[in-house]
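> Below are the structure tokens for one structure; questions will follow.
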Amino acid sequence: MIVHRKPKHRAVLLALGVGVAAALTPVQAAAAAVDPFESKTTVLFSSPNVPSGCYRIPSIVRAVDGSLLAFAEHRFHTCADKSNIETVVRRLPAGATEWQPAQTVVRGEPGDPVAPATRGNPGPVVYRQLPGAPAVDAPDGRIVLLGTHNPVDPAKPGTNHRTAPRTPYVLHSDDNGLTWAAPRPLPELDDPSWGHYATGPVHAIQLTRGAHVGRLIAGVNYNSGDGAGAMLVYSDDAGVTWYRGANALYGADRQLIPQELSLVELVNGDVMVWARQNWSGGTPEEEADPNVRPHRAVAISKDGGATYHSDFTLRPGFEAPNIQSSSLRLVATDEGDAYNRILTMAPSVNTEPRIRPTIRSSFDEGLSWQSVDTPLDSTDEGVQVYGTNDRSATVEECACYGGYADMVELPGGDVGLLYERGATDYRSEIAFVRLNDRDLHTPSTTPDVPGGSALVFDGVTTTAGRYGRAFSFDGQRGRAQLPFRTAPVLGTGDFTVSTWIRYGDTSKDQALFWAYGINGEPEVRLSAEPGNNRIRGTVTTATGSAGVSSDGAYADGAWHHVVLRRQADTVALFVDGVQVSAASGAAGAVSGDDPTPIYLGQRLDGANRFHGSMDEFRVYDRALSTAEVSRLHTSNTNGIPGLTAHLPMNALVPAGEQTGDR
């Protein structure tokens, strides 16, 4: 889960107006810049005359033939958002090692391709003819590109035309980006009363699951007289016909301005909308604290982008300034992978300037993200892709400005990152870097006997177990996450949860097992609570809750077998093969509408980390009899029917050594 520390480094002090050492010259800063992935990096667009013209707003896709297409805005005279701008692309053909020169994709006005105009915000997506999708005339592999246009005064091409109306358009390529059709306006996605309008700026997505398979969806944001809007637009015919979908309009009094939407399809078919929170207005200290002024907002669509399931909500604890943050689905359990992983990329200091560009991962479908201030190379932290990881360094010492970004999955599961960066200005260049599992700080895994692998994070090691080896949790970072499933492993019927524990830490309550909910939501949990001299189990449903407790905490440093069982509406707790408590009133579903993870060694929110050892964790989809519970206690048998999850906890497999997991 998210770990947060109060900002303490000199970079934040600089942003708050506190004096630091004199700034380095551009030459000194460039020499001091640290690029941890220099050997894997290619600079695709360089802007030596910033701010007198630059390349900005990267986006990237992989064509059906394997070619990579890296898009950017070429801002001719200034770096202003609404100046004279063309959209360009560089291609890396499949199998090639050299990127081709930049090619103009769209520029100018109809009938005058070199007239001053803004042609930007590239939002590409590759259309695939998927099974179950509507039949269309477009070829498989068509690259659809959304963008926005506004006129530019020919006498002032270097001026930022802030009040010029923005309008969306679309164009496409049917030869993997070699040639492009002329842009076609999309008035159906616009409103004459709207002012600023922006597509992306990041790749769009195509749905591969559910009732709307094949649909293209993109995020846009706009300004109107009533406030700021965050809208999804979609097409079911490969980008020929477009519709307005989910639309959220927020007035200035809401202190919420979601913009620059990046989309991910979740494994249950929902669409997660990951947005920039563009409102700011607190004190400098408040703005520097991501728990007080979160700069990321999230919404979910459950109907293929037609509507939002609920309002945008802020994501406390995610350190990032007001900036675009790209996202990418990397692996998914419903596609045969051992775990789920979503990536996001953004600078990782909550205040301006935009520094320390960092890729962070979520392994629970966007509920929580890697932190940015845990020890170097921890699988619990994101990976800073540019500049020193020493967070006590000043902005000048770090020389690690980072801006907008996009990501693409590469063959073999690697990730291609296209991002703005520079030693003295994040607009200095756009670089492409190829990253693998180890680069991305991937957790270890451990086998789940019924199939898949559980994720095991830093702070867990192996130790002598009750049977073979066991996991030792450090009480600080250690926890494990069961393989993620769209269908709950604990459902509306009977179940049994069984494990062995050994601990002696009586200083705090500690979570052993936590599934699905928190704070009164449907959930199943098992905790060691030495402060109350008990082991506590709770099953909560929409209609009731039942709690069971032992008479002691068993915090004696010895191994103890603990079982939580639900049969009909009755919950029972067993310790060392003997039933010690029972309660009724917990019938019904123990999970909500959305799939959520199951954790060992922490609460759902990351609190109450377990400090002790655990062995032979099992889940059954039935209520075991008392005799079967006794058999588990005495013989550790695998022959009892109904086993749906089983972590023997005999081995940890580090990232890079995992086979068959991707």
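> Any residue at all in the range 186-197 that is buried (at least 20 other Cβ atoms within 10 Å of the Cβ) and touching an Asp or Glu at 6+ places or on another chain (Cβ under 8 Å)?
Within the range 186-197, one or more residues are buried (at least 20 other Cβ atoms within 10 Å of the Cβ) and touching an Asp or Glu at 6+ places or on another chain (Cβ under 8 Å).
> Go through the range 504-549 and give me each residue that's hydroxyl-bearing (Ser, Thr, Tyr) and within 32 Å of the chain's Cα centre (by Cα).
Tyr516, Ser527, Thr538, Thr540, Thr541
> Counting residues that are closer than 25 Å to Asn533 by Cβ, which strands (runs of 3 or more DSSP E) fully inside the range 556-662 reach at least 1?
560-567, 570-575, 578-584, 598-600, 611-620
> Moving on to the next point. Can you name the number of the only condition in (1) under 29 Å from Glu352 (Cα atoms); (2) in the same structural domain as Gly601 (by TED's automatic domain parsing) that Ile430 fails?
Among (1) under 29 Å from Glu352 (Cα atoms); (2) in the same structural domain as Gly601 (by TED's automatic domain parsing), the lone unmet condition for Ile430 is (2).
> Looking at the range 202-233 only, could you name the residues that are surrounded by fewer than 24 Cβ atoms within 10 Å (Cβ to Cβ) and touching a Lys or Arg at 6+ places or on another chain (Cβ under 7 Å)?
The answer is Gln206, Leu207, Met231.
> Can you name the residue in the range 422-441 that is of a type in the set (Ser, Thr, Tyr) and surrounded by 22 or more Cβ atoms within 10 Å (Cβ to Cβ) and, of all such residues, is nearest to Thr42 (Cα to Cα)? It would help to see each step written out before you state the result.
Within the range 422-441, the first condition is being of a type in the set (Ser, Thr, Tyr), and the residues that meet it are 424, 426, 428.
If we keep only those that are surrounded by 22 or more Cβ atoms within 10 Å (Cβ to Cβ) too, we end up with 426, 428.
Working: Tyr426: 16, Ser428: 14 Å.
Checked the range 422-441; the qualifying residue nearest to Thr42 (Cα to Cα) is Ser428.
> Further question: Hey, could you check the range 305-324 for residues that are buried (at least 24 other Cβ atoms within 10 Å of the Cβ) and of a type in the set (Gly, Ala, Ser) and say which is farthest from the chain's Cα centre (by Cα)?
Among those residues, the one meeting the criterion is Gly305.
> Failed condition for Arg162, given (1) crowded, with 23+ Cβ neighbours inside 10 Å; (2) over 17 Å from Gly239 (Cα atoms), with all others met?
Answer for Arg162: the failing condition is (1).
> Would a scan of the range 588-596 turn up a residue that is within 30 Å of Leu266 (Cβ to Cβ) and without any contact (Cβ under 8 Å) to a residue 40 or more places away in the chain?
Within the range 588-596 (the criterion being within 30 Å of Leu266 (Cβ to Cβ) and without any contact (Cβ under 8 Å) to a residue 40 or more places away in the chain), the answer is yes, since at least one residue qualifies.
> Considering only the range 227-336, give the strands (runs of 3 or more DSSP E) lying wholly within it that have at least 2 residues that are among the polar types (S, T, N, Q) and in contact (Cβ under 8 Å) with a residue 12 or more places away in the chain. Step through it out loud before you land on a result.
Working: elements: 227-235, 243-250, 258-265, 271-277, 296-301, 326-331.
Answer list for the range 227-336: 258-265, 326-331.
> Given the residues Val152, Val170, Val89, which is the only one that is hydrophobic (A, V, I, L, M, F, W, C), surrounded by 19 or more Cβ atoms within 10 Å (Cβ to Cβ), touching a residue at least 24 places away in the same chain (Cβ under 8 Å) and within 30 Å of Thr41 (Cβ to Cβ)?
Sole residue among the options that is hydrophobic (A, V, I, L, M, F, W, C), surrounded by 19 or more Cβ atoms within 10 Å (Cβ to Cβ), touching a residue at least 24 places away in the same chain (Cβ under 8 Å) and within 30 Å of Thr41 (Cβ to Cβ): Val89.
> Please work out if Ala542 is among the aliphatic types (A, V, I, L, M), without any contact (Cβ under 8 Å) to a residue 24 or more places away in the chain and assigned by TED's automatic domain parsing to the domain that holds Thr463. If you could, list the steps in order and put the result at the bottom.
Details: among the aliphatic types (A, V, I, L, M): yes; without any contact (Cβ under 8 Å) to a residue 24 or more places away in the chain: no; assigned by TED's automatic domain parsing to the domain that holds Thr463: yes.
Considered against the rule, which asks whether it is among the aliphatic types (A, V, I, L, M), without any contact (Cβ under 8 Å) to a residue 24 or more places away in the chain and assigned by TED's automatic domain parsing to the domain that holds Thr463, Ala542 comes out as no.
> Could you list, in sequence order, all residues of the range 332-351 that are under 20 Å from Ala204 (Cβ atoms) and among the hydrophobic types (A, V, I, L, M, F, W, C)?
Ala332, Ile342, Leu343, Met345, Ala346
> For Asn340, state whether it is among the polar types (S, T, N, Q), farther than 23 Å from Ala228 by Cβ and under 19 Å from the mean Cα position of the chain (by Cα).
Yes.
> Kindly indicate whether any position in the range 349-358 is among the charged types (D, E, K, R), surrounded by fewer than 21 Cβ atoms within 10 Å (Cβ to Cβ) and either over 29 Å from Asp377 (Cβ atoms) or under 11 Å from the mean Cα position of the chain (by Cα) (or both).
Within the range 349-358 (the criterion being among the charged types (D, E, K, R), surrounded by fewer than 21 Cβ atoms within 10 Å (Cβ to Cβ) and either over 29 Å from Asp377 (Cβ atoms) or under 11 Å from the mean Cα position of the chain (by Cα) (or both)), the answer is no, since none of the residues qualifies.
> Hey, among Gly158, Gly177, which residue is among the small types (Gly, Ala, Ser), closer than 23 Å to Phe71 by Cα and at pLDDT below 95?
Sole residue among the options that is among the small types (Gly, Ala, Ser), closer than 23 Å to Phe71 by Cα and at pLDDT below 95: Gly158.
> Could you figure out which of (1) modelled with pLDDT of 90 or more; (2) β-branched (Val, Ile, Thr); (3) not assigned by TED's automatic domain parsing to the domain that holds Asp494 isn't true of Thr634?
(3)
> Being at pLDDT 95 or above and under 17 Å from the mean Cα position of the chain (by Cα) is the filter here, so list the residues in the range 393-418 that pass it.
Listed by number, the residues that qualify are Tyr404, Ala405, Asp406, Met407, Val408, Glu409, Asp414, Val415, Gly416, Leu417, Leu418.
> Counting only residues that are over 20 Å from Tyr55 (Cα atoms), give me the strands (runs of 3 or more DSSP E) lying completely in the range 75-150 with at least 2 of them. Don't jump to the end; show me each part of the working.
On the way: elements: 85-92, 103-106, 117-126.
Where strands (runs of 3 or more DSSP E) fall fully within the range 75-150 and carry at least 2 residues being over 20 Å from Tyr55 (Cα atoms), they are 117-126.
> Say whether the condition of being farther than 26 Å from Pro483 by Cα, at pLDDT 90 or above and surrounded by 23 or more Cβ atoms within 10 Å (Cβ to Cβ) is met by at least one residue in the range 368-384.
Yes: the range 368-384 contains one or more residues that are farther than 26 Å from Pro483 by Cα, at pLDDT 90 or above and surrounded by 23 or more Cβ atoms within 10 Å (Cβ to Cβ).
> Condition first: more than 19 Å from Ile143 (Cβ to Cβ), touching a residue at least 40 places away in the same chain (Cβ under 8 Å) and out of contact with any His (no Cβ under 9 Å at 6 or more places or on another chain). Can you find one or more residues in the range 201-209 that meet it?
Checking the range 201-209: at least one residue is more than 19 Å from Ile143 (Cβ to Cβ), touching a residue at least 40 places away in the same chain (Cβ under 8 Å) and out of contact with any His (no Cβ under 9 Å at 6 or more places or on another chain).
> Report, by residue number, each residue of the range 106-124 that is under 32 Å from the mean Cα position of the chain (by Cα) and surrounded by fewer than 24 Cβ atoms within 10 Å (Cβ to Cβ).
Answer for the range 106-124, where residues must be under 32 Å from the mean Cα position of the chain (by Cα) and surrounded by fewer than 24 Cβ atoms within 10 Å (Cβ to Cβ): just Val106.
The values are calculated or read from the model by the stated rules, or taken from the named source; none is laboratory data. Bear in mind the structure is a predicted one, so any value in this text is a computation, not a measurement. Backbone-built Cβ (ideal geometry, glycine too); neighbour counts: all protein chains shown.
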